[in-house]
1. Efficiency by 1/(1 + (r/R0)^6): what FRET value for Glu36 and Lys485, r their Cβ-Cβ distance, R0 = 41 Å, to the nearest 0.05?
2. List the residues whose amide H sits under 5 Å from the amide H of Gln471, counting only those 5 or more places along or on another chain, with H placed 1.01 Å from N in the peptide plane.
3. Expressed as cubic angstrom per residue, what is the convex hull volume of the alpha carbon set of the range 220-286?
4. So what are the ³J(HN,Hα) numbers for the range 25-39, from phi and the Karplus equation (6.51, -1.76, 1.60; θ = phi - 60°), rounded to whole Hz, Gly and Pro as x?
5. Please list, by residue number, every one of the GluC sites (Glu not before Pro) in the range 40-108 that is coil in DSSP and has at most 12 other beta-carbon atoms within 10 Å.
6. How many nm is it between the label spots at Asn570 and Asp287, if each spot is 7 Å from the Cα in line with the beta carbon?
7. Could you tell me the distance between the Cα centroids of the range 210-281 and the range 574-620, to the nearest Å?
8. Enumerate the calculated ³J(HN,Hα) couplings along the range 520-527 in order (Karplus 6.51 cos²θ - 1.76 cosθ + 1.60, θ = phi - 60°), each rounded to whole Hz, writing x wherever the residue is Gly or Pro.
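The values are calculated or read from the model by the stated rules, or taken from the named source; none is laboratory data. In this text, all values refer to a predicted model and were calculated from it rather than measured experimentally. Note that we place each Cβ from the backbone using ideal geometry, even for glycine, and neighbour counts take in every protein chain shown. Just the protein is used for accessible areas: all its heavy atoms, side chains included, with ligands, DNA and RNA removed. Shrake-Rupley method; radii C 1.70, N 1.55, O 1.52, S 1.80 Å.
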Amino acid sequence: MKQIVFFLLLLCSTAAMSQIERVEPPNWWVGFENSEVQLLIKGQEISVYTPEINYPGVALKKVSKAKSPNYLFLDLTIGPETKPGSFTIVFDVKGKKKIKYTYELKEREKAGIDYIGFDSSDVIYLITPDRFANADPSNDIVNGLRETAIDRKSDYARHGGDIKGISTHIDYISNMGFTAIWSCPLLINDMDSYSYHGYAITDLYEIDPRFGSLEDYVDLSAKAREKGVKLIMDQVANHCGLEHWWMKDLPFEDWVNHQSTFEAGEKTIYSNHRRTTNQDLYASKIDAIGMTDGWFVDSMPDLNQNNPYMATYLIQNSIWWIETAQLGGIRQDTYPYPDKIFMSNWAGAIMKEYPNFSIVGEEWSYNPLLVGYWQQGAKNHDGYESNLRSSMDFPMQRKIVEALIEEEKWDKGLVKIYEGLANDFHYPSPKDIMIFPDNHDMDRIHTQLNEDPVLTKMAMAYLLTLPRIPQLYYGTEILMQNSAKPGDHGLIRTDFPGGWEGDTVNAFTGEGLNSEQKDMQLYLKTLLQFRKNSPVIHEGRTIHFSPKDGVYLLFRIKDDAIVAVILNKNDEPYNLDLHNFKEMGLEDRQLQNIITNEKIIWKDQLTLEKKGAIILSTLD
């Protein structure tokens with residue numbers, strides 16, 4: 001009889017607990033600057049219940065209902081003396097059994113000031129995880145998810161790369177000289193197709209099981225830190241995936257933009273993509289709203305950050321991931337598209353908790369005025385302060401390509417980077433801008449440079465010595481290209497050779513690489529290792545000279561250390577008159593070529609034997 005009673009009680013308890021489908025954030029911490037946290041409670045008819053909390057230092061300040069009866073939002077205040085531990089949230093309503101939920105407040109692993117973000121001393125390795133390495137084939141197909149096929153022959157199917165594929169090759173990444181990893185999103189994309197890229201997230205608190213587990217991600221971060229490599233998380237505040245769990249039961253009538261249109265099954269209202277409306281003195285309201293509120297595509301609902309509960313949810317989500325994974329930075333996707341006041345508050349909330357952290361925002365514009373608008377400290381006409389440390393240097397990326405492939409003329413060729421770099425006067429902090437030769441959304445740099453290894457080396461030499469934070473896309477070191485189908489994202493994000501069992505070419509070991517690929521890999525490794533240990537590149541002043549006769553020189557200077565970067569587009573030997581650079585004070589000083597180790601004395605003239613880049617560093 002006792003066993004029957006116990007079983008009935010267990011059934012009742014289980015039934016009650018099943019009403020709580022999720023609580024987010026799933027845990028929190030004591031010791032933040034901001035003492036408040038807002039819990040999203042999701043459960044069937046949970047709004048009829050009254051929650052209670054009894055834990056020393058924790059006060060339930062406010063309970064808010066949503067339009068949907070299946071949500072509650074609890075505003076908690078966590079006092080400065082609150083101890084880490086677990087407490088029970090009791091949900092009570094007359095005539096029904098109480099629901100109890102255990103919530104944990106953790107102790108922080110380190111103080112916020114000790115989270116050190118990426119900076120100009122770093123070089124970031126960008127990875128599309130599905131295409132890098134498959135170290136755990138057991139998670140290639142996960143039953144219950146919408147897309148289950150693996151097809152490496154299809155550019156737009158999943159290929160099986162995973163988190164362990166990155167952590168397994170941390171030594172390779174570190175030995176190459178990279179000091180940070182930015183992986184495209186690893187959160188679950190439970191979509192019918194094209195889920196490999198990661199930007200249609202369907203749960204902001206869950207790692208996609210086809211990539212691995214939360215434990216795998218935390219382990220990746222730990223292994224990376226052991227090697228002196230920071231982990232940067234790719235986050236998306238602008239949109240989610242159409243199959244996100246809340247799209248089946250939206251809490252408020254304005255949780256996503258154009259929600260009534262979506263719920264009525266009407267045609268999607270797309271963004272007009274007029275990003276200049278963020279800065280334009282003359283922009284109409286309809287254009288501005290059309291940019292921020294429109295959807296990217298049918299499968300990516302546009303989140304409404306003007307809903308205060310959504311805004312808090314997104315801020316807390318970012319902080320939760322920083323604490324949980326001990327992150328070294330965030331890359332925020334499509335930065336100009338969400339509400340810009342929210343984005344300022346989002347970045348400001350993070351930087352308040354982590355003053356030495358770093359966030360980079362994607363502003364895909366070739367206008368440096370627009371890129372500079374988003375950087376912290378910009379003197380903007382509207383007084384806007386972004387709180388964003390870094391934005392992306394799309395303008396200089398384009399200028400580098402043009403400078404190298406154009407024929408030398410008065411207004412073409414190397415003068416493009418000379419004048420492009422002059423735009424640095426507009427940036428509050430040029431060295432905190434992120435420069436890159438390409439990324440996961442644009443043609444591979446080797447394709448952009450017509451598959452010319454010399455030009456690709458010249459591009460690497462230049463951008464890795466600029467006053468910037470460089471980012472390189474995986475495979476650049478082995479001249480990966482997408483020339484067969486320019487603009488094709490699936491081919492751009494091709495598999496890294498050696499990442500799958502049975503690959504005949506292995507770029508991790510060098511097996512099967514051709515001579516040009518091996519040469520490029522060694523070139524980049526030498527250059528990256530030099531940069532890694534060169535404060536003159538990280539912090540030095542910059543002086544450059546107007547290009548002449550197809551030759552351009554840039555110098556980095558710190559105390560007595562000087563690095564000279566020479567870009568030469570001449571196919572025939574060229575005698576460079578060193579007297580033109582007298583102000584650098586290099587006369588009779590010994591310098592060493594960082595690639596060949598050849599030593600020279602800086603005096604009178606230097607013969608440039610062939611087209612290419614030369615990087616010289618002072619020895620005395």
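1. E between Glu36 and Lys485, to the nearest 0.05, is 0.25.
2. Answer set, sorted by chain and number: Ile124, Ile435, Phe436.
3. Values: hull volume 11.4 nm³, N = 67.
About 169 Å³ per residue, rounded to a whole number.
4. The phi angles translate into x, x, 7, 9, 10, 8, x, 7, 4, 7, 7, 9, 9, 10, 9 Hz.
5. Working: sites: Glu45, Glu52, Glu81, Glu104, Glu107; in loops: Glu45, Glu81, Glu107.
Sites meeting the loop and neighbour criteria: Glu45, Glu81, Glu107.
6. Simple spin-label model gives 4.8 nm for this pair.
7. A separation of 49 Å, based on Cα centres.
8. Taking θ as phi minus 60°, the curve returns 5, 4, 5, 4, 5, 4, 4, 5 Hz for the range 520-527.
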